[in-house]
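Everything on this sheet refers to the single structure shown next.
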Amino acid sequence: MIADDSALMRRILKEMLSSDPQIEVVDTARDGEEAVVKSLEQRPDVVTMDVNMPKMDGLTALQHILLKAPCAVVMVSSLTQEGALTTLEALELGAVDFVAKPDGTVSLGIRHLREEIIAKVKAAARARVKLRWSEKARVLGPRLPGPRLKPDPGQHSLKVVVIGVSTGGPRTLMDILPYLPQDLPAAVLVVQHMPQNFTAPFAQRLNQSCRMAVKEAADGDELAPGKVLVAKGGYHLKVERKPGGVLVARLSRQPADVLYMPSVNVTMQSVLEKVPPRNVVGVLLTGMGDDGADMMVEIRRQGGYTIAEAEETAVVWGMPREAYLRGGAEVVAPSYLIAEQIIKGVKRD
């Protein structure tokens, strides 16, 4: 079902989705209120939900649908800063994925996203809808002030955790990052498939919930224990070892011939080239496709520690499944146990 207040957008989306023989558009809705009513009537597998609609906005409609007629919801939002913040909130509330309109509320350019939209709707139809998991809620202590641990550049001893994630990532990361201790003796790199305007506010939201300091990676940022760098949308996150041994982040648009930018494989490979393999922990979470799977195999082969999310909690068991099938997962665990596994991997001898 398609929910959008623009008749033109409803028509374009219906044409695009109906062009795929595996997709049937059962109904459309002009506002959030109608979307809730028709979701109860039609019980669709997937709802594409515009954010800005009259009577009831997309965020409110999303919450009603997840409570009354649970199904996968793909948000359709703008690429603006405001659109990014709203979309991130929707993902935290339980939306499976999102599509960013390239040019405003009524977006003729959305026709160029046909393949992406069809792929995301199909993936959403197979996705696990994750409601708030209150039964696993844990009380977090406040982030404490004070100096952060610094790596010993002379010993090349810094350990690095690389987390790769795609569809369903924002909710899944909230099962993991807030439960890593502030004094974790490792730097953490997060590669989330996300557009450029979205990664900075995403990092800010994570920073508000985590004991470790979280920020969007900038060129030249130093990797240090207790610090999380989120790959910037539209760039690969690589690492470079400066004279003296200190590791710093480098943003790059090379290689350009990859499906995702940032790419999990590119970041993991860069880390493995600059960090002793025993000091590398690779983590692959929910997402479509296989980005990161090959490098998980290589990290494990060279003596690093690798963790893949289990099917039972993955919104889309694609990337971690590929790592598992290829032999790249030393540990397979549900998302709520992965923080413990990361700590174990960092502290092993």
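The values are calculated or read from the model by the stated rules, or taken from the named source; none is laboratory data. None of the values given here were measured: they were computed from a predicted structure. Cβ sites come from the backbone with ideal geometry, for glycine too, and all protein chains shown count toward neighbours. Just so you know, the surface numbers come from the protein's heavy atoms only, side chains and all, with ligands and any DNA or RNA stripped out. Shrake-Rupley method; radii C 1.70, N 1.55, O 1.52, S 1.80 Å.
Here are a few things to note about the model shown:
- Cα pair distances in the chain, grouped into 20 Å bins until the bin that holds the longest one, percent each: 32, 55, 13, 0
- Label positions at Ser19 and Ala125, each projected 7 Å from the Cα along the C-beta direction, are separated by 1.7 nm.
- The Rg/Rh ratio for the range 207-277 is 0.97, where Rg is the radius of gyration of the alpha carbons and Rh is the Kirkwood radius.
- Taking the charge dipole of the chain about its Cα centre, with +1 at Lys and Arg Cβ atoms and -1 at Asp and Glu Cβ atoms, the residue from Pro178, Val37, Gly304 reaching farthest to the positive side is Gly304.
- Computed from backbone phi with θ = phi - 60° and the Karplus coefficients 6.51, -1.76 and 1.60, the 3J(HN,Hα) list for the range 33-44 is 5, 5, 4, 5, 4, 6, 5, 5, 6, 8, 6, x Hz; x is used for glycine and proline.
- Of all DSSP-defined beta bridges confined to the chain, some 15% are antiparallel rather than parallel.
- Selection from Leu272, Val283, Gly328, by position along the positive dipole direction of the range 265-349 (Cβ): Leu272
- Degrees between helix 7-18 axis and first principal axis of the chain (Cα, 0 to 90, nearest 10): 70
- Comparing mean-square fluctuations of Lys68, Lys232, Lys122 from a GNM of the chain with C-alpha springs under 10 Å, the top value falls on Lys68.
- Zone residues, the range 10-48, relative to Lys55, backbone N less than 11 Å from point 7 Å out along Cα-to-Cβ: 29-38
- Net lengthening on full extension, Asp183/Arg326 (0.36 nm per residue, minus Cα-Cα): 48.2 nm
- Remark: the range 1-111 projects, on average over all directions, an area of 6.0 nm² (convex hull of Cα atoms).
- Nearest-20 debye value, the range 200-349 charge dipole, Cβ charges on Lys, Arg, Asp, Glu: 540
- The portion of the accessible surface of the chain made up by carbon and sulfur, rounded to a whole percent, is 50 (1.4 Å probe; DNA, RNA and ligands excluded).
- Dividing the summed helix terms, -39500 (n - 2.57) for each DSSP H run of n ≥ 4, by the number of residues in the chain produces a 222 nm estimate of -10500 deg cm²/dmol to the nearest 500.
- When the C-alpha to C-alpha distance is required to be over 28 Å, the pairs from Lys159/Lys232; Lys38/Lys120; Lys101/Lys227; Lys14/Lys55; Lys242/Lys347; Lys101/Lys242 that qualify are Lys101/Lys227; Lys101/Lys242.
- Taking the Cα centre of the chain as origin and assigning +1 to Lys and Arg Cβ atoms and -1 to Asp and Glu Cβ atoms, the resulting dipole is close to 1000 debye.
- Neighbour cut-off at most 11 other Cβ (10 Å), DSSP loop, GluC sites (Glu not before Pro), the range 1-61: Glu24
- Normalised alpha carbon radius of gyration of the range 207-333 [divisor 2.2 N^0.38 Å]: 1.05
- Label-zone membership for the range 223-263, site Ser157, 7 angstrom Cα→C-beta point, backbone N under 13 Å: 225
- The charge dipole of the range 1-110, taken about its Cα centre with unit charges on the Cβ of Lys, Arg, Asp and Glu (plus for the first two, minus for the last two), comes to roughly 160 debye.
- Whichever aspartates and glutamates have a C-alpha closer than 13 Å to that of Lys344, once near sequence neighbours (fewer than 8 apart) are set aside: Glu330
- Shown are His236, His64, whose ranking by accessible area with a 1.4 Å probe and every protein chain present, most to least, is His64, His236.
- Each label was represented as a point 7 Å from its Cα along the Cα-to-Cβ direction; for His112 and Val26 these points are 3.4 nm apart.
- Distance between the modelled labels on Glu312 and Arg241, one decimal in nanometres: 4.0 nm (7 Å Cα→Cβ projection).
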